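Engineer: Just dropping this structure here.
Every number in this text was worked out from the coordinates using simple rules, so none of it is lab data. Every value quoted in this text rests on a predicted model; they were computed, and no experiment measured them.
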Amino acid sequence: MERGHAVWGWVTSVLGAVLVLLMAGQVLTESMWLGEQGHTIGTYSYLPLYLGGLVGVVLIVGGATAAVYARRSPA
């Protein structure tokens, strides 16, 4: 059973890493787009993208911790 928990922990970590990369890419793309749009009116909030990245970091840390703990726990 510990092996299954370890696998799910690593899968969760990988999904978190993908989420962080997607959010970072989106922030980069949006900031470049906004930099080219001089006539853009209004404000733009990056908060949802930052929160998505934060969720990804939590998934990475939590998944890696769960995987390492499942591997080191006695059988």
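Engineer: Can you give the angle from 0 to 90° between the axis of helix 2-36 and the longest principal axis of the chain, with both taken from C-alpha atoms, to the nearest 10?
Structural biologist: 10
Engineer: Helix 47-72: angle to the longest alpha-carbon principal axis of the chain, degrees 0 to 90, nearest 10?
Structural biologist: Rounded to the nearest ten degrees, it is 10.
Engineer: Around TYR46, which amide H atoms from residues at least 5 apart in sequence, or from another chain, sit under 5 Å from its own amide H, with H modelled in the peptide plane?
Structural biologist: none
Engineer: Could I get the Rg over Rh figure for the chain? Both from C-alpha atoms, Rh via Kirkwood, rounded to two places.
Structural biologist: 1.26
Engineer: Quickly estimate the mean residue ellipticity at 222 nm for the chain, helices only: each DSSP H run with n ≥ 4 gives -39500 (n - 2.57), and the total goes over all residues, rounded to 500.
Structural biologist: That comes out to -29500 deg cm²/dmol.
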